[in-house]
Structures are given as C-alpha cells and as structure tokens.
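*Asks:* Let me begin by handing over the structure; questions about it come next.
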Amino acid sequence: MDEFLKKKSVITFLTILFVVTCCSGVQKAEARIRRYKWEVKYELKSPDCYKKLTITINGRSPGPSIVAREGDTIVVELKNSLFTENVAIHWHGIRQIDTPWMDGTEGVTQCPILPADTFVYKFVVDRPGTYLYHAHYGMQREAGLYGSIRVLLNEGESEPFQYDYDRSIILNDWYHKSTHELSLGLSSIPFAWVNEPQSILIHGRGKFNCNTVGTTTNLCNTSNPECAPYAITVVPGKTYRLRIGSLTALSALSFEIEGHNMTVVEADGHNVDPFVVKNLFIYSGETYSVLVTADQDPSRNYWASAKVVSRNSSTPNGLAIFNYYPNHPRRDPPTVPPPGPHWDDVAPRLAQSYAIRARPGYIHPPPLKSDRTIVMLNTQNEVGGYRRWSVNNVSFNLPHTPYLIAYKHNLLHAFDQRQPPDGYDFVRYNISAPPPNPNATISNATYRLEFNTTIDVVLQNANTMNVNNSETHPWHLHGHDFWVLGYGVGKFDVGKDSEEFNLVDPIMKNTVAVHPFGWTALRFRANNPGVWAFHCHIESHFFMGMGVVFEEGVERVGELPSSIMGCGDTKGFYTP
C-alpha cells in the first residue's frame, strides 16, 4: 500500500509539473513556419497619379506585409518575372544567424535571381520588432520593391507599453524616371544627378501635381483611385502603435500628425526610453514605433504629413489622412496641412538623435572597450572623371563573385585582398572644405574582422565637392545590431571624444544617421559568422561607392546552398 501511495504521489507531481511548464504560459509557444509565395514583376501603376513602370509583388507596392512571432521560420518562394532583370531581396534588420546566405544582398551573400527563376528564402525571425524588406540589386528599391516585417512577441508575453491597435506605415520617395535612366546618369560623363524626387509616398500613395510644366497629360490623372490619400482610420479614444519605416531612395523625412503628439517607444527592434515628439525625424532604413492616442475633436479628420528635411528640396510634402471613425476616410481635413520644420534646421534632428536611449529594464550593456577602431571619412570624389562617393578615399564596387561564396570556396582571386584603410589623415584633413585632392581609388576589398572581437566604427562626415555642403547619410549594417555610442559636431577626436561615449544606456540599432559636418560612433560584436555589407542607405550613394564589407568567422559558416550560386566564378556550382 505504501509503495502504491509513493507511485501515486510521483505521478501526481509529474502531472502538476507538466501542467505548470506546458500550460501556464511560461513556456514559449512552439514556433511556426510561415510560408509566402511571391511573384515579382513590372506593372504600370500610378501611386502618385503619374503612370510609370513599378516593380510589384503579387501586384502590390508596397508588397505584402510579413507578420510573424519571435522564433518563427519565414519561407518566401520568390519567382522573378521581370523578364530582363535579375533581382534579390534583403530582409532588413533580420540578423540571419546561422543563415548568412539568406541575407539577400547580391554580390555579397548571393548571386542574383535570374529572370524566370524561382528562389526560396528561408530564415528565422529571432526577436520581436519592426523591420523591412526591399530589393538589393542595382537601384530596384526605388522602383517599388519593398514591404514591412512585423515580428510579434510570443503569446502570453507583453510589451512594456500599452496600445489598442497595431499599424505599419512605410514612407518612400518617388521618381518618375526609371531606375535605369537614373543609374545611367550617375555612371556617365558628364555626371547627371538624380535630382529631387517628384513625390513623397505614405504607404504607397502620393499626389503629384499633374499641371506641372512638362508633364505628359495622358500619363497623369488625379482622379485615379490608386493615388487617393492613404487613410489611417482610428477610433476616438483609442491608442495606436504606428510602426513607421522609411525606405526613401534619397530623402530624410519629418513625419507628423496634425494636432497629435507621438511617443517614441521602439527603434529598429529595440525598446526606447519613451519621449514625446511632434515631428518624427526618420532616415532611410530606420524603423520606429510611436504611440498615438486619438484624443482630438472626433468630428473631423486630420492630416498626416511627411516633409523632406536636410535637403533644399522642391518635393511637396507627402500627405495622408488621419481618419477619425465614423468620418469618411476620403473626407479632407478642414485645415491647411502642417508645413513641417525648416529643411536646414539641424538642431531638432540632433536633439532627437541624442534622445534615443535604451529603455530601463531593456538595456543591453555594451562591451566597455573595443578591440579595433575604424574611422570612416565619408567624402565625395572622382575616379577617372566619374563622380563617386568614398570611404577613406576608397570607392566601393561589388565583385562578380559574391564574397560569402568566394571566402567559403577559397576563390580569393575574385576580389582585391588588400584591406581598406582603418582611418584617414585626421590631423591635416579639413572636413569643412571640398576635398583638396578629389581623386579616389576603386576597390572591392573587405575588412576582415577577428571573430568575436568588439569593433568601433566612427562615421565622419565632411564637405562634398560643393562649397559649404555636407549631406546626411544613414548607414545600415547587415547581420548585426550595434550600440550607438554618441554623436558630435565637427571632426571626431580619437583621444578626446571616445571618453564621452555613452556606455550606460545606448540604444541598439541597425541603421543610424551621420549628420552634416558631424560624426556618429557605433560599436558591435563581430560574432555572426558571415560576410556583411555596411553602407549608406541612400540608393544613389551606395550605387556610387559609399559602402564597405565586413568578413567575420566565415570558417564557421555551414555548407552553402547551391541555389545562391551561378554567377562569376561560381557558374558551375549551381545545381537546380
């Protein structure tokens, strides 16, 4: 009898243990596989009322949103129906841990997807947050190939902030010329700049003035429903989480909602110590979550506006409607849209950069010291009469054989083996004047980083080839998040400014801006085996050479799938 009671007690204990661990919500839900089937092709669209060829996914631009939970596996079967163009898609902000070949960066992690071919992307979204996807071949991103990724917490877990509804919004600028014409001008003598975009799109919709001189009449129609303003419909009294991402080709933007405050709570997948803004400054490649409460007069609608800043742009503000239910979503607000901040007012943009800190309780402490410091001087240059952008006087070109495959298969002859410089002539170079020697060199060499070391990168902005001109550059790092240690005005002093780095509560991001005539310092761990691009997220600037590549621990990368091969020296490696 005693033996029976003992066995019964053990069984009861194990039953309780099973219920507690499996059914209480403490244990994470089983990850899911989320499958998507996409076709990429050209279609005639009128997102700003002007008809032009647009790259769509399943007929849409922006493309379908990916919504998943932390730890889920994403499988995207992508068919390239562009007929005469290759394609590749980068999953912006997804670190691709253990799957570096799925980063979607043509020339770095994969060969492009050929016309009529189908490629399967498969990767894990390993942490919650707001992310993006977009083309990473040539300048196709600005032709409409982009979308949003929303990674939710596991069921039973909660955010450190509260809201009633969740929305995603992508901001973009829009050119009427084709990407082919724009890229040809950038790579020609004489140089032809892309100039300012014709429109700003809020979630794929804008409004171009069809009466603009030179506009082909039969291509522009303001009554086309495709260019009706995007409506953000809200219920009075409710709080909304707006996940705002920017994928502009050129423009830095200020986003605002007429009469409403926004509380910034997330940046690039990391919780922010909350702060309130009227205008959210956002640079290409960045994502933010803001909380907005519908607490204004519910009898009317309000304007949402996106204005170009940091450039003296002629592009009109992008407009959407913040629609209070049950007002009609097409009912214009009774007021004039807010004009937005002045384009060259740098102070509030710097203030926002300084304000973004990690939320208490969600701080990931950075390593207190770095093992290597790379100072990157961003300059505009010329190479053989061609206008280029450079880092430490080296302008970057992608090789024909992707780096990841070349390193893994010992095809090192496929690119330059001389490492780029870790710095520039700090003492003598005047960042406030055009380059005294505008000539640069072209290279496809990489920075080889010792695995698991801590790397500091200081982005130093300088004068372009035009007098009294310095531009804002948003820099994006693939495969990593980095700590933003600080910003400064003027020239970075290695001995002095590094002592002022924020090592207490720095935010982690994957994209950060370097302001005109200023510097930005970041730190990351080289602990993700692979080859990763680090570049200016302005399409034309990266196309003109403003980027570098980091290699770290490639020997730890598993066997590469043959599906990423087939170009350059890997032509014989692909097996269908």
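*Asks:* Which percent of the accessible heavy-atom area of the range 203-346 goes to carbon and sulfur, probe 1.4 angstrom?
*Replies:* C and S fraction of accessible area: 51 percent.
*Asks:* May I pose another question? Could you tell me the relative contact order of the range 401-468? Use alpha-carbon pairs under 8 Å, at least six residues apart, and round to a whole percent.
*Replies:* Relative contact order comes out at 40 percent.
*Asks:* Sticking with this one: Taking every DSSP beta bridge with both residues inside the chain, roughly what % is antiparallel (nearest 5)?
*Replies:* 70 percent
*Asks:* Assuming a ≥ b ≥ c are the square roots of the Cα gyration tensor eigenvalues, decide whether the range 471-576 counts as rounded (a/c under 1.5), prolate (otherwise, with a/b larger than b/c) or oblate.
*Replies:* prolate
*Asks:* Another question about this same structure. Using each residue's phi in the range 405-413, evaluate 6.51 cos²θ - 1.76 cosθ + 1.60 at θ = phi - 60° and report the 3J(HN,Hα) Karplus result to the nearest Hz, with x for Gly and Pro.
*Replies:* 6, 4, 5, 5, 9, 6, 9, 5, 5
*Asks:* Heavy atoms only, probe 1.4 Å: what % of the accessible area of the range 405-450 goes to carbon and sulfur, would you let me know?
*Replies:* Solvent-exposed carbon and sulfur of the range 405-450 make up 51 percent of the total.
*Asks:* What net charge do the residues around residue 197 carry, taking every other residue with its C-beta under 9 Å from that of residue 197, with Lys and Arg at +1 and Asp and Glu at -1?
*Replies:* Every neighbour counted, the sum reads -3.
*Asks:* Then there's this: Can you run phi through the Karplus equation (6.51, -1.76, 1.60; θ = phi - 60°) for the range 519-531 and list ³J(HN,Hα) in whole Hz, with x for Gly and Pro?
*Replies:* 9, 9, 10, 9, 9, 8, 9, 7, 10, 10, x, x, 10
*Asks:* Let me ask you something else. So for the chain, averaging the separation of alpha carbon pairs under 8 Å that are six or more residues apart and normalising by length, what relative contact order in percent results?
*Replies:* 14 percent
*Asks:* Taking the dipole about the Cα centre of the chain, with the C-beta of Lys and Arg at +1 and of Asp and Glu at -1, give me whichever of 178, 216, 554 is farthest to the positive side.
*Replies:* Checked the options; the winner is 216.
*Asks:* Turning to a different aspect of this structure: I'd like the Karplus ³J(HN,Hα) series for the range 102-108: coefficients 6.51, -1.76, 1.60, θ = phi - 60°, whole numbers in Hz, and an x wherever there's a Gly or Pro.
*Replies:* 9, 5, x, 10, 4, x, 10
*Asks:* For residue 98, which sequence-distant residues (separation of 5 or more, or a different chain) have an amide H within less than 5 Å of its own amide H, given hydrogens modelled in the peptide plane?
*Replies:* Residues meeting the amide H criterion: none.
*Asks:* Here's another thing I want to ask about it. Round to a whole number: what % of the accessible area of the range 468-576 belongs to carbon and sulfur, probe 1.4 Å?
*Replies:* 49 percent
*Asks:* Below 8 Å, C-alpha to C-alpha, sequence gap of six or more: please give me the relative contact order for the range 75-143 in percent.
*Replies:* Taking the mean separation of contacting Cα pairs over the length of the range 75-143, I get 44 percent.
*Asks:* While we're on this one: Amide H neighbours of residue 234 under 5 Å, counting only residues 5+ apart in sequence or on other chains, H built in-plane at 1.01 Å?
*Replies:* Correct list: 323, 324, 325.
*Asks:* Same structure again: So what is the 222 nm mean residue ellipticity for the chain from helices alone, if each DSSP H run of at least 4 adds -39500 (n - 2.57) and you divide by all residues, rounding to the nearest 500 deg cm²/dmol?
*Replies:* -2500 deg cm²/dmol
*Asks:* Another one. To check you understand DSSP bridge types, tell me what percent of the beta bridges within the range 385-540 (both residues inside) are antiparallel, rounded to 5.
*Replies:* Antiparallel bridges: around 90 percent, rounded to the nearest 5.
*Asks:* Here is a further query. Going by average Cβ density within 10 Å per residue, which order do the peptides 523-531, 208-216, 384-392, 64-72 take, highest to lowest?
*Replies:* 523-531, 384-392, 64-72, 208-216
*Asks:* Sorted by packing (mean other beta-carbon atoms within 10 Å per residue), highest first, where do 447-454, 560-567, 411-418, 303-310 land?
*Replies:* Result, highest mean Cβ count within 10 Å first: 303-310, 560-567, 447-454, 411-418.
*Asks:* Right, something else. Can you list the residues, at least 5 places off or on another chain, whose amide H is less than 5 Å from the amide H of residue 473, using H built in the peptide plane?
*Replies:* It is 514, by chain and number.
*Asks:* Can you list the lysines whose alpha carbon is less than 18 Å from that of residue 307, not counting same-chain residues fewer than 8 positions off?
*Replies:* 207, 278
*Asks:* With the cut-off at 30 Å, report for the chain the share of all Cα pairs above it, as a whole percent.
*Replies:* 52 percent
The values are calculated or read from the model by the stated rules, or taken from the named source; none is laboratory data. What you see is a predicted model; the values in this text were computed from it and never measured. In this analysis, Cβ positions are derived from the backbone assuming ideal geometry, glycine residues included, and neighbour counts consider all displayed protein chains. Quick note on the areas: whole protein, heavy atoms, side chains included, nothing else; ligands and nucleic acids left out. Shrake-Rupley method; radii C 1.70, N 1.55, O 1.52, S 1.80 Å.
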